[in-house]
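Presented below is the structure to which this report refers.
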Amino acid sequence: MKAAAFDYIRPETLGAAITLLSKHGPDAKLIAGGQSLLPALNLRLSAPGLLIDIGRLAELRDITLADRTLHIGAGCTHAHVMNHPIVQRHAPLIARALTEVAHPAIRARGTFGGSLANADPAAELPACALALDAVMHAQGPEGPRRIPAAHFFTSLFETALAPDEVLTGVDIPIQGDTQWGFAELARRTGDYAMVGLAAVARPGTIRLGWFSVGQTAILAHRAAAILTEGGPLEAACTALADDLPAHDDPQASAAMRLHLARVLLRRVVGAWGER
């Protein structure tokens, strides 16, 4: 099957892209790497009248560190983020998670912001953003807006972005005394995970970001509170039954997914004790 006919524009600036979005409304779609959008177009799951290509906007492709905040531009490819020395040093959770994203060809084209804005509940980056307490930067006709990751992912493939807003980048707070862990279980390398965990432990708080467990990536608040208070790991594993929604699909039953989630939590927290 081929995509339905559409018009294509490559604006020279972010402002021009926002103007086009505002003018064409729901009939327009942004494209950067296109690794999620193009298959949807070819399967006729999406049929916009206009594609607005923001993949070459230099203003969306910066990676900087200032005032204990790591900024990653939305237009950076997965491969660029994964291999960037600043990310590897200050946000190793992101670098590690990106090694599990599909395959090298997709990581070379897919974009950091595209994955977050797509809000696939089986993707790694939304869970990482939750675990790291990231802040999303959006830009629209009314100006810039900051959206905490905890309020960004609203439903299946839906975010808090307005239809005429562009995700421009992500801020990640950096602390020196931080432990992190990442694990996922998939049937084959490169497949979407049946369940996955991105975990961050900072002084006084632990955040457990889960993916492939429901309509969105989610934080396991009860399990994290038990671990933060120094409670036993097995109690935290038990609490996952309340934190994670029941979720049957062709990959796994809800009971199997809960069992696998507990396996991953034991692995990640157990590794912290070995460091």
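The values are calculated or read from the model by the stated rules, or taken from the named source; none is laboratory data. Since this is a predicted model, take the numbers as computed values, not measurements. All Cβ positions, even for glycine, are placed from backbone atoms using ideal geometry, and neighbour counts span all protein chains on display.
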Residue pairs within 6 Å by beta carbon, gap of at least six or interchain, first lying in region 123-150 and surrounded by 15 or more Cβ atoms within 10 Å (Cβ to Cβ), second at pLDDT 95 or above and acidic (Asp, Glu), listed first then second, are 124/100; 135/171; 138/165; 140/164; 140/165
Output the number of the condition that residue 221 fails; it satisfies all remaining conditions of (1) more than 21 Å from the chain's Cα centre (by Cα); (2) more than 16 Å from residue 96 (Cα to Cα); (3) not acidic (Asp, Glu).
(1)
Any hit, region 199-218, residues being farther than 19 Å from residue 178 by Cβ, β-branched (Val, Ile, Thr) and more than 21 Å from the chain's Cα centre (by Cα)
no
Regarding residue 269, is this residue β-branched (Val, Ile, Thr) and closer than 30 Å to residue 104 by Cβ?
no
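The rows are residues; the columns are (1) over 28 Å from residue 195 (Cα atoms); (2) in the same structural domain as residue 118 (by TED's automatic domain parsing); (3) under 17 Å from the mean Cα position of the chain (by Cα).
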{"residue": "18", "(1), (2), (3)": "yes, no, no"}
{"residue": "29", "(1), (2), (3)": "yes, no, no"}
{"residue": "32", "(1), (2), (3)": "no, no, yes"}
{"residue": "40", "(1), (2), (3)": "no, no, no"}
{"residue": "46", "(1), (2), (3)": "no, no, no"}
{"residue": "76", "(1), (2), (3)": "no, yes, yes"}
{"residue": "90", "(1), (2), (3)": "no, yes, no"}
{"residue": "95", "(1), (2), (3)": "no, yes, yes"}
{"residue": "100", "(1), (2), (3)": "no, yes, yes"}
Scanning region 151-161 for residues that are in contact (Cβ under 8 Å) with a residue 40 or more places away in the chain and surrounded by 16 or more Cβ atoms within 10 Å (Cβ to Cβ), the one farthest from residue 198 (Cα to Cα) turns out to be 161
Looking at region 164-178, which of the residues that are at pLDDT 95 or above and not β-branched (Val, Ile, Thr) is nearest to residue 270 (Cα to Cα)?
173
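Per-residue answers, yes or no, for (1) at pLDDT below 95; (2) closer than 30 Å to residue 36 by Cβ; (3) of a type in the set (Lys, Arg):
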residue: 192; (1), (2), (3): yes, yes, no
residue: 205; (1), (2), (3): no, no, no
residue: 229; (1), (2), (3): no, no, no
residue: 236; (1), (2), (3): no, no, no
residue: 244; (1), (2), (3): no, yes, no
residue: 273; (1), (2), (3): yes, no, no
Residues to consider are 140, 196, 204; find the one that is closer than 26 Å to residue 113 by Cα, among the small types (Gly, Ala, Ser) and outside the structural domain of residue 71 (by TED's automatic domain parsing).
196
Can you name the condition, by its number, that residue 76 falls short on among (1) out of contact with any helix residue (DSSP H, G or I) (no Cβ under 7 Å at 6 or more places or on another chain); (2) without any contact (Cβ under 8 Å) to a residue 40 or more places away in the chain; (3) surrounded by 18 or more Cβ atoms within 10 Å (Cβ to Cβ)?
(1)
Against the definition (more than 17 Å from the chain's Cα centre (by Cα) and either buried (at least 23 other Cβ atoms within 10 Å of the Cβ) or at pLDDT below 95 (or both)), how does residue 67 come out, yes or no?
yes
Take residue 161 and tell me if it is assigned to a loop (DSSP other than H, G, I, E, B), in the same structural domain as residue 69 (by TED's automatic domain parsing), within 30 Å of residue 103 (Cα to Cα) and at pLDDT 95 or above.
yes
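Yes/no matrix, rows are residues, columns are (1) touching a residue at least 60 places away in the same chain (Cβ under 8 Å); (2) in contact with a helix residue (DSSP H, G or I) (Cβ under 9 Å, 6 or more places away or on another chain):
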| residue | (1), (2) |
| --- | --- |
| 176 | no, no |
| 201 | yes, yes |
| 213 | yes, yes |
| 216 | yes, yes |
| 248 | no, yes |
